[in-house]
Amino acid sequence: MASQIPFPFIAQQPLPPARSAKIVIEHLTLVYSDGRESLRDISLTLPNRAVTVLFGPAGGGKSTLLRAINRLNDLTDVKRMQGHIWIDGLDILDPATDVIALRRRVGMVFARPVVLPMSVRQNVSYGLELAGQRDRRRLSEAVHRSLEAAALWDEVHDRLDQPAASLSGGQQQRLCLARVLALEPEVILLDEPTSGLDPISTEKVETSLHELKNRYTIVLVPHSIQQAARMADHAAFILDGELVEYAPGRELFVHPRHPRTEDYIEGRFG
Amino acid sequence: MTSALRERLVAVAVRVAGISAIALLLVIFFFLIQQGLPALAEVPLPDLIGSRWYPIEGTFGLVPLVLGSLLVTLAATLIAVPLGVATAVFIAEVAPRSVREVLKPFIEVMAGLPSVMLGFLGIAILAPELYHRLRLTTGLTAFTGALLLGWIAIPTIVSVAEDALDAVPRGYRDGALALGANRWQTIWRVTLPAARGGVLTAVMLGIGRAFGETMAVMMVTGNAAVIPRGWGALFQPVRTMTATIAAEMGEVAGGSTHYHVLFLIGILLFLISLAVNLVGASVVFRARTRAERILS
Amino acid sequence: MNARRQRQWTQRAGFGLLTLATIVTTLPILLIVLLILQRGLAAITPEFLLAFPSDGLRAGGIFPAILGTVLLTFTMTLVVAPLGIAAGIYLAHYAPDNRLTRSIRIAILNLAGIPSVVYGLFGLAFFVIFFRMGTSILAGALTLAIMTLPVVITTTEEAVRSVPNSFHVVSVSLGGTDWQSVRRILLPQGLPGILTGVILGVERAAGETAPILFTAAAVYLPHLPTSPLDPTMALPYHLYVVSTQIPGMPAGVQYGTAAVLLILVLLMNIIATVIRSRARARRRW
């Protein structure tokens, strides 16, 4: 059904000249060995300094698409993968890619907050230590900077050495965000980051993202249509592994062009 | 060293370590064969299947030893399996939490007791008692060995069976109880059948443990290499394969026929325990897939 | 009696039977332990622990046997711990799901089932004769190491597997390598389980006689071993000798030796249990 619409690029509004395409996904096809949640010929550009939202019903491939961008799918059973993902002109699906460096440039926050079994401070500096950073002062500065950016510093600055598991759910998730920010990435991927959080924590995370988008490319899988509408500068509707529609946020949620997009937004399925 | 090189080295090192398990198994088998196979050349097969084990005269009939092992192991199994499974069911399904917390470590202590220590008590106390109470000709009999072996095998059976019972999903029990069964019925009709594979594995491992035990049986079974005949044989001395090796290897000249035959017995023990293990493992596999098929 | 009352009675009888079985299982062992301690503790004097045996082992002490067991298990641990832990990490974290891995698992299962006396035979043929180590601490320790290997591998694999995989995924997403996950998260978090496995392996090895019968053990040595290629006395073998081979052996020596062995084994059991329960209490996931 999705193939009845014209190729998504044509539906796209022209982007303002100040922003550039940070990530270009070109004819990406990915099939898992058990066939579920695959992607079919997806082409998409993700602009810099903006929040692009990937939304759609469960099992449609949004998480798969997200994980392709930092090559986290390498950890799973991928039977076939075709296409290209260009980040700043380099195809990261090329086997010669330095995947470790890629993952430092492209950070990810997962749906459930997974704090490592260490202190708050050690969690935030973990990525830098992996990269070989040993200078205590630099690490301390990075911890401070990242916790500020994640709007968590005020709440934890006096218990940096306590186990991270002692924080509340919302705090843990912001800690995961700080952990990613410590590596000073260029892209931040977020997979339903507020799905388990209370409204106040959700609001704090969304506020942080609003700030962060001025400096980073943000790709967000929201956990509700409302969050999608709140956050999206650009929005892509993914259904059954295919890209159905892609447009600036205000456009898509107010005037969806494809009937299936409208059905989903109106809540008629999903 | 670059990080990439270190990664490769570590990956290779752990892989070599993993493969060492297979390599060891093969090396063990090879060396047993190397030292044991000459026995087949030096002792004609009809003699090996003979019924007299009398190395001093050059008679190497293995039958009394094999039957001795079988008798003691069988008797030990008859003791250990009911007690072991019952104890496992008690710990997993009946005992209150506080009792469990005491029993489980105790079973582990049981498992760690050195068999030579149990053998010592067998000689010092058990054998004389049996000799007096049951008016036997001697206290060192197959039965004494079976008693010791039984209690040596029980911890193995209990811990594996208890794990299997623990692994049965709560939903099974809750479902049965919701349908009006009481706890006893639930255990017998739902939980135990669901854990059937694991319990069977536990039993096989217990049998293997009893079969492979050396010191305790060597010390209390009397070490008479005679063919057990009839049920009375249980209260006569016997000789197991394991005890034969342990008792005679010290006095044997390296490279002699006796030496080779002892290794041949070792090969037999190796192969039998291999068979028991493979059967135990395959039973678990089959039981599990059947359950999965029913549930899906 | 109606059906329900009958079922209640069946249940009560059944539970009673199970309780009885458990008592029959555990009570004799409890009595054994208490008996050995009661009759043996009296014999454990400082002289008993620190002196050499005299009068054909009937008097004096058992120090060389204690030392021998310590040397054997210590040397064994040096070999089996690195090898077994590495193999366990391989199975838990690196091994793909293919036939080779399945073969490794089957091999470990079989190694675990081999009777201890067969390990003794192998040690004799392989270490004592083929590698010409002679009856020595080294040959005995290596034989014990091979026997203990399956236990260490299995407990290490279990311990590493029990660490949530999500930690590894997070570490990878931050640019970490496989080894970094192992070194920084899996090993430290799995360490209590691994330690418990090693200690239980040592406990078993300390009590085994058959593997060292032809590879390391001597009935009596007038002086302590000075090199790994010397034979040695050992506690379990000493207990065997004093309870079966020597006429006129005082019961005190027998029970004393048994008690020392028992206490050694119980101590290791307690240490392992304490490590395990403390780790479980402090677990943060």
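Under 17 Å of direct C-alpha separation, and excluding same-chain neighbours fewer than eight residues apart, B:LYS104 reaches these aspartates and glutamates: B:GLU93, B:GLU162, B:ASP163, B:ASP166. Peptide A:96-103 has a mean shielding of 3, counted as Cβ atoms of other protein chains within 10 Å of each residue's Cβ. Our summary gives chain C a relative contact order of 26 percent, counting only alpha carbon pairs under 8 angstrom and 6 or more residues apart. Using just its DSSP H runs of length 4 or more, each adding -39500 (n - 2.57), chain C gives a mean residue ellipticity at 222 nm of -23500 deg cm²/dmol after division by all residues. One Cα centroid belongs to the range C:47-90, the other to the range B:69-118; the line between them spans 28 Å.
Here A:LYS62 is the anchor, and the lysines within straight C-alpha reach of less than 22 Å, apart from those fewer than 8 places off in the same chain, are A:LYS22, A:LYS79, A:LYS213.
Looking at the protein assembly as shown, send over the antiparallel percent of its DSSP beta bridges, to the nearest 5. Here the antiparallel bridges make up roughly 60 percent for the protein assembly as shown. Short-range pairs are left out: with C-alpha atoms under 8 Å and at least six residues apart, the relative contact order of the range C:96-231 is 40 percent.
Sorting A:58-68, B:199-209 by average packing, meaning the other beta carbons within 10 Å per residue, from highest down gives B:199-209, A:58-68. The trypsin sites (Lys or Arg not before Pro) of the range A:93-182 that DSSP puts in a loop, and whose beta carbon has at most 11 other beta carbons within 10 Å, are A:ARG134. Counting every other Cβ atom within 10 Å of each residue's Cβ, B:TRP53, A:TRP153 order from fewest to most as A:TRP153, B:TRP53. Calculated mean residue ellipticity at 222 nm for chain B: -23500 deg cm²/dmol, from DSSP H runs with n ≥ 4 weighted as -39500 (n - 2.57), summed, divided by the residue count and rounded to 500. Farthest towards the positive end of the charge dipole of chain B, among the residues B:VAL276, B:TYR259, B:PRO105, is the Cα of B:PRO105, using unit charges on the Cβ of Lys, Arg, Asp and Glu.
For the range A:151-267, relative contact order (Cα pairs under 8 Å, six or more residues apart, normalised by length) works out to 18 percent. Between the residues B:LEU165, A:ILE85, B:PHE211, the greatest Cα displacement towards the positive end of the dipole of the protein assembly as shown, with unit charges on the Cβ of Lys, Arg, Asp and Glu, is found for B:LEU165.
Taking the Cα centre of the range C:118-215 as origin and assigning +1 to Lys and Arg Cβ atoms and -1 to Asp and Glu Cβ atoms, the resulting dipole is close to 180 debye. For the range B:139-296, a/c is not less than 1.5, where a ≥ b ≥ c are the root eigenvalues of the C-alpha gyration tensor, and a/b tops b/c. That puts it in the prolate class.
The mean number of Cβ atoms from other chains found within 10 Å of a Cβ in peptide A:111-122 is 3, as a whole number.
As a ratio to 2.2 N^0.38 Å, the alpha-carbon radius of gyration computed for the protein assembly as shown takes the value 1.17. Dividing the radius of gyration of the alpha carbons in chain A by their Kirkwood radius gives 0.97 for Rg/Rh. Classify chain B as rounded, prolate or oblate from the Cα gyration tensor: take a ≥ b ≥ c as the square roots of its eigenvalues, call it rounded if a/c is under 1.5, otherwise prolate when a/b beats b/c and oblate if not. Here chain B falls in the oblate category. For the range B:1-156, a/c is not less than 1.5, where a ≥ b ≥ c are the root eigenvalues of the C-alpha gyration tensor, and a/b does not top b/c. That puts it in the oblate class. Between C:ILE114, C:ILE153, C:ILE85, the residue with the greatest mean-square fluctuation in the GNM of chain C (Cα pairs under 10 Å linked by springs) is C:ILE114. Peptide B:83-90 has a mean of 6 when you count, residue by residue, the C-beta atoms of other protein chains within 10 Å of its C-beta.
Rule-based calculations on the coordinates, nothing more; no lab input. This one's a predicted model, so the numbers in the text were calculated from it and none came from an experiment. Every residue, glycine among them, receives a Cβ derived from its backbone with ideal geometry; neighbour counts consider all protein chains shown.
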